[in-house]
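Since the structure comes first, as C-alpha cells, the remarks are kept for the end.
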Amino acid sequence: MVVEQKVELRHLASRVTAAESLVDALEKENTAMEARMTAAESLAEELQMENDLKLQSLHLLSRSSAELEKQQEGQEMDIQELQNTNIGNHYKLDTGYFTAPARGVYYFRFTGHLAHSDISMIMKMFMNEDLIVTSGDHNYGSNYADASNGVVLQLEVGDVVSVQLRGKVWDDHYHRTTFSGFLLFPL
C-alpha cells in the first residue's frame, strides 16, 4: 500500500509539474497576445488620428480691401472676412495665427495684391519667431502689383505660423490677397 501511494504521489507530482509548465506556457502566450493587442490598439488609434488630421485642413482667404487698407505696418495679417474652411479651429481669427495641431508636414502659401497705391507691400511668413519666406512688390507706375510665396514646413505640435505685412495690400470681391495652408501628411 505504501509503495502504491509513492507511485501515485510520483504520478501526481509529474501531473502537477506538467500543469505548472502548461500554466507558464499559457501565461507567456497571454503576455504575448496582450502585447500584440496593445500594439494593435495603438496602431488603430494612430490610424484614427491620422485620418482625423487629414480632415483638418486649413484654407483661408482674405479680408476686404477696406479692412486691409486699415492694416498697420508690421502687423500680422488679420484674415477674417472670407474664410472658406477652418476645420479644427487651428487658425485663430482673433490673432491671425495658425497653431499646428499635430506633428507633420504642412504646406502654406500667401499672395498679396497691391492696387491704386504708391506704397510697397512686403509680406513675411513666420514660423514661431523665425522668418521663413518673404515676398513683396512695389506699384511702380502701374495700377497693380502682385507677390506670392509658399513653403513646405515640418511642424511640431504647437508651432505657430503667421504672415506679417509691411506696407499695405488690397483686396476686393476677386479675393486676390490670400493665405492658405494645410496638412500634407502627419509624422
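If we count every other residue with Cβ under 13 angstrom of Ala147's Cβ, Lys/Arg +1 and Asp/Glu -1, where does the sum land?
+3
Between Phe182 and Leu9, what length comes free when the chain is fully extended (0.36 nm per residue of separation minus the Cα-Cα distance, one decimal in nm)?
Computed gain between Phe182 and Leu9 is 54.9 nm.
Which cross-chain or sequence-distant (5 or more) residues have an amide H under 5 Å from the amide H of Ala102, H modelled 1.01 Å from N in plane?
Gly158
What is the gain in length, in nm to one decimal, between Val2 and Leu26 on full extension, counting 0.36 nm per residue of separation less the C-alpha to C-alpha distance?
Additional length available on full extension: 5.1 nm.
Quick check: pseudo-label points 7 Å beyond the Cα along Cα→Cβ at Val105 and Val152, how many nm apart are they?
0.4 nm
Once label points are set 7 Å from the Cα along Cα→Cβ at both Asn89 and Ser42, what is their separation, rounded to one decimal in nm?
Result: 3.2 nm between the two label points.
Estimate the FRET efficiency between Asp159 and Ala19 by the formula 1/(1 + (r/R0)^6), using the beta-carbon distance for r and 45 Å for R0, to the nearest 0.05.
Computed FRET efficiency for Asp159 and Ala19: 0.20.
Readers should treat all values here as calculations from the given coordinates under stated rules, not as data from a laboratory. What you are looking at is a predicted structure, and each value in this text was computed from that prediction instead of being measured. Reconstructed Cβ throughout: ideal geometry from the backbone, glycine too, with neighbour counts over all protein chains shown.
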